[in-house]
Amino acid sequence: MGKGIGGHTRAYRGATDDWITPRHIIDALGQFDLDPCACIPQPWPCADMSYNVNDNGLEQPWAGRVFLNAPYGPRAKPFLAKLAEHGDGIALLFARTETVMFHKYVWPIADALLFLKGRLYFHRPDGTRAPGNSGGPSVLIAYGRQNALALRNSGLDGAYVELNRSARKSEQSADSTGTAGELPESLTRIPAQ
């Protein structure tokens, strides 16, 4: 019981979705315009403007630089899809790189990733730190070049991975004409099985 990510239980089925991003992460990434998944109450703002569960952030307009700490598990998918379409922001998710969601909304669209070292300790709506860690590895996902730079320059401990979107676009164009494009040294082609 309570094995979390990689175990045989579903870690996202907790008693609450109210887990506040640690303040040091927000501070390291700079000012955000919108947090579409704010808690009630929110001990510190993650952005200048926020929507909470009563506002239904998915149904509201998104503008400017977005910070997204969506409910974990399958309910994160529509939020991540909206951020990928919006194209300007940073998402905090479990590093579940094998999921359909990651393959659809992260790998082909995001500009950079920061796989955070260790496991995060989120905070409760009253600001106290949760007694246990998140139960799995976390990743920050940047959409937009300026957000990729914010990850790279954040000083947060972890592994930064830049995703070369322009190289992927030129490869897709070359593949559509029937000729394989040259990949930059930072990318490796793995044949489909």
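Observations
- Selected residue (criterion: modelled with the lowest pLDDT) from residues of segment 31-41 that are in a loop (DSSP other than H, G, I, E, B) and buried (at least 17 other Cβ atoms within 10 Å of the Cβ): CYS39
- Residue check for TRP44: part of a loop (DSSP other than H, G, I, E, B) and at pLDDT 95 or above: no
- Here segment 157-172 is the region considered, the condition is being surrounded by fewer than 19 Cβ atoms within 10 Å (Cβ to Cβ) and among the hydrophobic types (A, V, I, L, M, F, W, C), and the residue that is modelled with the lowest pLDDT is ALA167.
- Count - residues of segment 50-107 that are closer than 19 Å to ASN164 by Cα, buried (at least 17 other Cβ atoms within 10 Å of the Cβ) and charged (D, E, K, R): 1
- Residue match in segment 48-66 (condition: touching a Cys at 6+ places or on another chain (Cβ under 7 Å), of a type in the set (A, V, I, L, M, F, W, C) and modelled with pLDDT of 95 or more): no
- Selection within segment 126-146 - at pLDDT 90 or above and hydrophobic (A, V, I, L, M, F, W, C): VAL139, LEU140, ILE141, ALA142
- Among the residues of this structure, GLY158 does not count as one that is without any contact (Cβ under 8 Å) to a residue 12 or more places away in the chain and either under 21 Å from TRP19 (Cβ atoms) or more than 11 Å from the chain's Cα centre (by Cα) (or both).
The values are calculated or read from the model by the stated rules, or taken from the named source; none is laboratory data. Fair warning: this is a prediction, and the values are worked out from it, not measured in the lab. Note: ideal-geometry Cβ built from the backbone for every residue, glycine included; neighbour counts use all protein chains shown.
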